[in-house]
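Reading through the structure tokens given below for one structure.
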Amino acid sequence: MAAAPNHSATGIRIDLKIIAEMIDDGSRVLDVGCGEGELLAYLQEHRGIDGRGMELSMQGVQRAVAKGLAVIQGDADADLVDYPDDAFDYVILSKTLQATRNPRAVVEQMLRIGRHAIVSFPNFAHWRTRLDLALHGRMPVNELLPYSWYETPNIHFCTVRDFIELCRELGVRVKTSLSLDAAGEVQRFTADSRWANLFGVDAVFLLEK
Amino acid sequence: MDATPGNDLSRRLNAVEDTVTLCGGMPLALDSGASFGPVDIAYHTYGHLNADKSNAIVVCHALTGDQYAVLPHPVTGKPGWWSSLIGPGKVIDTDVYYVICSNVIGGCMGSSGPRSTNPETGQPYMLDFPVVTVADMVRAQVLLLDHLGIDQAFAVVGGSMGGMQVLQWAAAYPERVFCALPIATCARYSAQNIAFDEVGRQAIMADLDWCGGRYLLEGKNPHKGLAVARMAAHITYLSEAALTRKFGRKLQGKDRIGYGFEADFEVESYLRHQGSTFVERFDANSYLYITRAMDYFDMPGEHDGHLAKAFRGTPVHFCVISFSSDWLFPTRDSQAIVRALNAAAASVSFVEVQSDKGHDAFLLDEPEFHDTVRGFLAGMAERRGIAAKTEGR
């Protein structure tokens, strides 16, 4: 894993590294859908954050707990309501928004319990996805979107523009927006530009109440 | 120095069995307002306390448990109740940790309880023994820790009523607990659980041999009532799936039903066996007292209805574990604890282990449960600076 091209020199996945750079040292962080706690462990070690995690899979929770991380089994749709207001400086939802039952409510909850929310998601309006659908008339299945429609956990895909519109409706300020290419590298244009909706594979948004 | 397996294990564990009279025999102030003394606490320790006294793990037992967490039980000869979890090289590794397990106050295995002798009368206390609470049990354990010269337990671990003690430890003595593992437990004992306890107590008290609690003086033992109490309670420790898998409708040593009231079904004879072996090792009055202690356990009730208040600003690291088929202490009870800990900004990990074995799962060899505890302790030990001796096992 450490040698995979989408890992940075410090061994952490590039998309996580990008998120890590948005976070102030020593802050309180909740990582929703934290997997095995890679990001939390990195932030705790290098940035001195006070981290918490939430993860659905028991294996993920166990491995995160074994790293000494405070991770609970739970999911974004049901369990964010349990946290008090303003409990965190940052609430992170990395590549999970499209798998939630109610993405809008999840974003609202994130900004209720955190001063900032960091959301990353795959852009369904990427040109390859558009082309796939236009040419074949089938739901796209490729290396970026590997699941068939009937088995995908991604039940609420959105485009970058859709997400920006949601932020507007919620009255949420977009503090930073990044557009990423297939290798996970940050592109020259920001995610709120027209180019991002066509050429961005993933988008990362830092939101503020 | 004979070479029985028990003695081998005892040496390997560096087991110490002792009983201490707390506070030099001075009385202990109890929740009920009574003060009671002298208080004896019977306990075992396993492993070695390290130089900076940072590797102690306090293990809290459940309703019918005792200090024989690892060593074989002296009455039944069966392996200790948590010997699957604790021992050399095991999840709670006695080569790394110094494990302390004591019999609760109110118990019947050497700690002060209704069967103990009242020094004033020379007779057993019986029902003159004061009603004790989970908090009283923990008070005694804290004094035991004082006696052992340990400021802070690295971990406090327990399931069921043991888990209630863990919560009480963390809430009342946060500076004396580094991490806490409440397992298959609750912060507020439910009406259903109180109801089951009451069935057990009524079964005991309905036995004429209970003699108004004075059976020890009358040379009797309400073993029928106690056995029924145990049978009823035992059902609550299992799950329908586990009962079906284990017994189904299988008949006991016969091909057809007997049209009578002998034990036709395997499940009946299993329960009868559970009841009859239990009475050999447990005191009926202790059963009354300890179930009562659980009934009274209501942590949110003691904090204006807000469990989070019990843990505000706590430095303790928590690992809450529940089992999916446990209907006595269901996952939602653990979730209520987790929710409160989150609201109190505590450091908390939580896993619901998938198991069809019901409440009993916490006593059984459940790999996912063991992996979680092992992982959590390893992470915490690293944080606490306790050297893990057996890396790469």
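The values are calculated or read from the model by the stated rules, or taken from the named source; none is laboratory data. What you see is a predicted model, and the numbers here were worked out from it, not measured in a lab. So basically every Cβ, Gly included, is an ideal-geometry build from the backbone, and we count neighbours across all protein chains shown.
Brief remarks on what is shown
- The set of residues in segment A:31-90 being part of a strand (DSSP E or B), surrounded by fewer than 23 Cβ atoms within 10 Å (Cβ to Cβ) and more than 9 Å from every other protein chain (Cβ to nearest Cβ) consists of A:ASP89 alone.
- Qualifying residue in segment A:153-176 (condition: of a type in the set (Ser, Thr, Tyr), in contact (Cβ under 8 Å) with a residue 24 or more places away in the chain and at negative phi): yes
- Scope segment B:184-210; condition in contact with a Lys or Arg (Cβ under 6 Å, 6 or more places away or on another chain) and assigned to a helix (DSSP H, G or I); matching residues: B:ASP209
- Sole residue being more than 14 Å from chain A (Cβ to nearest Cβ) and part of a loop (DSSP other than H, G, I, E, B), chosen from B:GLY305, B:GLY301: B:GLY305
- When segment B:308-337 is filtered for residues that are at the interface with chain A (Cβ under 9 Å from one of its Cβ atoms) and within 21 Å of the chain's Cα centre (by Cα), the ones remaining, listed by number, are B:HIS317, B:PHE318, B:CYS319, B:VAL320, B:GLN335.
- Some residue of segment B:353-376 being within 12 Å of chain A (Cβ to nearest Cβ), of a type in the set (A, V, I, L, M), over 21 Å from the mean Cα position of the chain (by Cα) and not in a helix (DSSP H, G or I): no
- Criterion applied to B:ALA381, B:ALA344 was being within 13 Å of chain A (Cβ to nearest Cβ), in contact (Cβ under 8 Å) with a residue 40 or more places away in the chain and either surrounded by fewer than 18 Cβ atoms within 10 Å (Cβ to Cβ) or small (Gly, Ala, Ser) (or both), and the one residue passing it is B:ALA381.
- Given (1) over 30 Å from B:PRO130 (Cα atoms); (2) acidic (Asp, Glu); (3) away from chain A (no Cβ under 12 Å), index of the condition B:GLU280 fails: (1)
- Where B:SER349 falls short, out of the listed (1) at the interface with another protein chain (Cβ under 8 Å from one of its Cβ atoms); (2) in a helix (DSSP H, G or I); (3) surrounded by 24 or more Cβ atoms within 10 Å (Cβ to Cβ): (2)
- Total residues in segment A:77-91, condition farther than 19 Å from B:ALA308 by Cα and touching a residue at least 60 places away in the same chain (Cβ under 8 Å): 3
- Close contacts from segment B:134-146, counting a first residue that is at pLDDT 95 or above and a second that is basic (Lys, Arg), with Cβ to Cβ under 8 Å and a gap of 6+ residues or different chains, come to B:VAL142/B:ARG176; B:LEU145/B:ARG176.
- Test: B:TYR189 is of a type in the set (Ser, Thr, Tyr) and more than 25 Å from B:ASP356 (Cα to Cα): no
- Strands (runs of 3 or more DSSP E) fully within segment B:1-116 that include at least 1 residues being of a type outside the set (A, V, I, L, M) and free of Cβ contacts under 8 Å to residues at least 24 places away in the same chain: B:16-21.
- Residue under evaluation A:THR100, criteria (1) within 13 Å of chain B (Cβ to nearest Cβ); (2) among the hydroxyl-bearing types (Ser, Thr, Tyr); (3) under 23 Å from A:ASP15 (Cβ atoms), criterion not met: (1)
- Within segment A:141-160, the set of residues being crowded, with 17+ Cβ neighbours inside 10 Å and either at pLDDT 95 or above or within 23 Å of A:LEU206 (Cα to Cα) (or both) comprises A:ASN154, A:PHE157, A:CYS158, A:THR159, A:VAL160.
- Residue within segment B:289-307 that is outside the structural domain of B:ASP136 (by TED's automatic domain parsing), surrounded by 17 or more Cβ atoms within 10 Å (Cβ to Cβ) and free of Cβ contacts under 8 Å to residues at least 40 places away in the same chain present: no
- Residue check for A:VAL119: within 14 Å of chain B (Cβ to nearest Cβ) and buried (at least 20 other Cβ atoms within 10 Å of the Cβ): no
- Of all residues in segment B:256-266, one or more are in a helix (DSSP H, G or I), modelled with pLDDT of 95 or more and either surrounded by fewer than 23 Cβ atoms within 10 Å (Cβ to Cβ) or more than 14 Å from every other protein chain (Cβ to nearest Cβ) (or both).
- Listed by position, the helices (runs of 4 or more DSSP H) inside segment A:99-209 whose residues that are acidic (Asp, Glu) and under 23 Å from A:ASP79 (Cα atoms) number at least 1 are A:103-113.
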